[in-house]
Amino acid sequence: MKRKLDKNGEPIEVPPKTKTKAAQPEQPAQPEEPSQPEKQESAAEPSFAELGLDPRLVQAVAKQSFEKPTLVQRKAIPLALQGQDVLCKAKTGSGKTAAYVLPVLSSILRRKVTDPTQLTAALVLVPTRELADQVFKAIEQFSAFCAKDIHAAKLTENLSDAVQRSLLANVPDIVVATPARAWHSVSSAALSLDRLQHLVLDEADLVLSYGYDEDMENIARSLPKGVQTIMMSATLSPELDALKGIFCRNPTVLDLKEEFGAEDEKLTQFYVKCSEEDKWLISYLIFKLQLIKGPCLIFVADIDRSYRLKLFFEQFSIRSCVLNSELPINTRIKIIEEFNRGIYDIIIASDEKSEIFGDEAAEEEKEKKDSKKQSKGTEEDGSGQPKKKRKHRRDEEYGVSRGIDFKNVAAVVNFDMPTSASSYTHRIGRTARAGRAGIALSFVIPKDQHGKHKATTIKSTEKDEKVLAKIMRQQAKLNRTLEPYNFNKSQMEAFRYRMNDALRAVTKVAIREARTRELRQELLRSETLKRYFEENPTELAHLRHDGELGRTTRHQPHLKHVPEYLLPKDGKKALAQDGGVGFVPFRKMDGKDRRHHRKEQPRATGAGANTGAGVTRPKTREEEEADRRYEEAIEDQYARTEGGA
Ligand SMILES: Nc1ncnc2c1ncn2[C@@H]1O[C@H](COP(=O)(O)OP(=O)(O)OP(=O)(O)O)[C@@H](O)[C@H]1O
C-alpha cells in the first residue's frame, strides 16, 4: 500500500488564494522578507540541527548562510534519515538538492562510525551533465567539514574509460552520474553497486524522457535488495509512475505544491502578443533601455536563433552569451559559473529539448502511447517497466531549463515560446528561486501573424497561442496568472528603423560564421587538445588563421547607443507606467519636439555618457560622426513623412 503523506502530521495554513501581484520590471529582483505563511509557521519550524543531521553537515549548511530549512527540506530530510523511500514533488528552486544530499551524507557518516569499510553507498542519477556538475559541487560544499570521510565522484564528463576506472578504483562513497554513464561503469565492472544503500533520482520525471529507459532498467536489475530510493521532481508525469514501479518499495509521497501558494507570488508572469518583427523590436528596447534589470535568461528555440539574437544585440552593444548543446561541456559549465558570478547579465539559451521532441501535439501523443505501453507492460508481466527504448537519446546530455541553479535570475524571457506547458514550468523555474522575486516574460505570436516576416519566422512559434492557452490553464491550477504586457506601438516606431538596420546586418552567413567561430575558439582553449597542438603546430596555425577571417556581420557603430532625443523626456524610468505593468509609454515626439529636445539637451558625450545601457566610456570620433549622420538621416526621414502628411 502506498501512503500519501503531504502534511507529515503538521497542519500547514494555506493562505487564501490571491491574484498575482503586479511586477515592477524596472526593479531588479531583490531577496524578500519571508512571506506571511512562512512567518506564521516559523514558531514550529525545526532548524537544520533539529532535523537530526550530522553536526558537520549543519556546520556546512551554516557556512552557506542557509538560515532555516525550506519546506521540502523540513519534510523530506527526517523521512530520508529514517531510511524511507521518498517520492517528492516540489516546485523548482525550492531546495530539493539539499533535501536529499544532506540525509544521504548524514546516513553515510553515521554508518562509518560503526563500519569503516570503504564502499559505494550512494548513487545519484541526474538527466544532464550540467546538473551532475551542480550536484557534485553541492556534495562537496555540504561535506566541507567532513571531507576526509566523504569521497564523491562524478562520471559525466568526457573522461576516458581509463580515467573513470581510476576514479572509481578509489571506491567513492557517493557517485553522481547520468544513467548512461552509470550503467556503462557498472557493466564494465568499474563501478560496483553490490553494497549500495541509497539511490537518488533527481529531476526524476526527466530521466526517461531523455531516453535513459534501458539504462534505468539495467541499473534497477543490478541493485541489491533494500536500497533506499529517493525521487525528486518538479513536475508530475507518467514517467514518474513508471520509475516508481521500477525502484520504490513503498514510497512516502510528498506532494508539496499546494503549500507553496504564497511563495509563488514572488514570480510575476507576463506575456506580450506581437508580430514576429515586433518581438525583435521590443527585445531591443527592453534590454537597451533596461526595462528589465538584473541577470536574465532568454530562451530561444534553436541554436541558430541564439546566435542571431546575440549578433542582433551586439549591434546595439548589448552584451550576452549563448548556451547550447554544441558547446563543449566544460564551456557550458564555465558559462553557468560566470553568469552566477555576475560576469554576464544575459544568457541566450537554446532549449533544444523542444526541438528534439517536436511540437506539443507530438509530445502529447508520445506521452499517451507511453502510458498505454506502460500499463500494458504491467498487465503482461507485472513489472510496470517501460518496454520500448525511445529513439531520442540526448547525445549531449544537455539541458539548461532543467534543474540548473542559475543564481539570482531577475527575469526569464521566452523570446520563443516553449512548445509545451511543462517546458514552460521548467524554464520559468530558473527565476524566483529560494524565496527571491522574479519575472517571466513570454513573446506570443498570434496565429494570423505567423510567417509574415520571412527573415525571422520559425516553425515552432506557429502554435504559440495554443501553447499559451495551455500554460494559462496549467498556471491557473497553481493559483498563478499571466498578465498581458502591452507596449504602445506608435511610440516604439522611432526605434524600428534601428531595429531593421540591425536585423539586416545579421545574415545567415554571419550566423554560421559566429557559430563556427565560437566552436573554433573553444577548440583553441581546450586543455585536452593542448598536447595535440604542441605536436602539430601547423594545425594550430591553421585554426588560428581561420579565426582571423573577418567578421561577416556589418559593423554599425551608430546603433551602439540610443540618441538622447529618442528617449522619453523624463528619462527611461518614465517608460513604464505604474511600475511597468501593461502600457509602457514611450514618449511620442513630433519633429519639432525632437529638434528642440536635441538643442536643449546635447547628446551626452565623454565619460558618463548615458547610452541607455549603462555604457559610460567616452565615444570615439567615429561613433560621434556616425551618431550625427544617423540623427540627420532620421530627421530627414521624419521631415519627409511630416511633409507628405
Ligand atoms: N534552506 C535554504 N536556505 C536558503 N537557500 C537555500 C536553502 N536551500 C537551498 N537553497 C538555495 O536555493 C537554490 C535552489 O535550490 P535547488 O537547486 O536545490 O532547488 P531545486 O528545488 O532542486 O530546483 P529545480 O527543481 O529547479 O532543480 C540554490 O541556490 C540553493 O543554494
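The values are calculated or read from the model by the stated rules, or taken from the named source; none is laboratory data. Since this is a predicted model, take the numbers as computed values, not measurements. Note: ideal-geometry Cβ built from the backbone for every residue, glycine included; neighbour counts use all protein chains shown. We work out accessible area using only protein heavy atoms, side chains counted, and drop any ligands, DNA or RNA first. Shrake-Rupley method; radii C 1.70, N 1.55, O 1.52, S 1.80 Å.
Quick notes on this one:
- Residues (among the hydroxyl-bearing types (Ser, Thr, Tyr) and either farther than 25 Å from ILE346 by Cα or within 16 Å of the ligand (Cβ to nearest atom) (or both)) located in the stretch 451-481: THR481
- Residue match in the stretch 451-458 (condition: crowded, with 21+ Cβ neighbours inside 10 Å and at pLDDT 85 or above): no
- At least 2 residues being modelled with pLDDT of 95 or more and surrounded by 16 or more Cβ atoms within 10 Å (Cβ to Cβ) is the threshold, and among the helices (runs of 4 or more DSSP H) wholly inside the stretch 76-194 those reaching it are 96-114, 129-142.
- Residues satisfying the stated conditions in the stretch 510-519, i.e. surrounded by fewer than 16 Cβ atoms within 10 Å (Cβ to Cβ) and either closer than 14 Å to LEU309 by Cα or at pLDDT below 80 (or both): ARG512, LEU519
- Single residue of the stretch 399-450 satisfying the filter (of a type in the set (Phe, Trp, Tyr) and under 22 Å from ASP202 (Cα atoms)) that is nearest to the ligand (Cβ to nearest atom): PHE406
- Just so you know, in the stretch 482-499 the residues that are more than 26 Å from the chain's Cα centre (by Cα) and hydroxyl-bearing (Ser, Thr, Tyr) include one that is modelled with the lowest pLDDT, and it is SER490.
- Figure legend. Inter-residue proximity from the stretch 274-299: first residues more than 18 Å from ASN340 (Cα to Cα), second residues surrounded by fewer than 21 Cβ atoms within 10 Å (Cβ to Cβ) and among the hydroxyl-bearing types (Ser, Thr, Tyr), beta-carbon distance below 8 Å, spacing 6+ or different chains. Indicated pairs: GLU276/THR456; GLU276/THR457; GLU277/THR456; LYS279/THR456; TRP280/THR456.
- Every pair of residues 6+ apart whose Cβ atoms lie under 8 Å, when the first sits in the stretch 89-102 and is within 17 Å of GLN141 (Cβ to Cβ) and near the ligand (Cβ under 6 Å from one of its atoms) while the second is β-branched (Val, Ile, Thr) and open to solvent by less than 20 Å² (accessible area, probe 1.4 Å): GLY95/VAL72; LYS96/VAL72; THR97/VAL135; ALA98/VAL61
- Taking (1) at pLDDT 85 or above; (2) at positive phi; (3) not β-branched (Val, Ile, Thr) in turn, GLN475 satisfies each apart from (2).
- Counting only residues that are touching a residue at least 40 places away in the same chain (Cβ under 8 Å), away from the ligand (no atom under 13 Å from the Cβ) and either part of a helix (DSSP H, G or I) or in contact with a Gly (Cβ under 8 Å, 6 or more places away or on another chain) (or both), the stretch 41-75 holds 2 of them.
- Condition check for SER383: at pLDDT below 75 and surrounded by fewer than 22 Cβ atoms within 10 Å (Cβ to Cβ): yes
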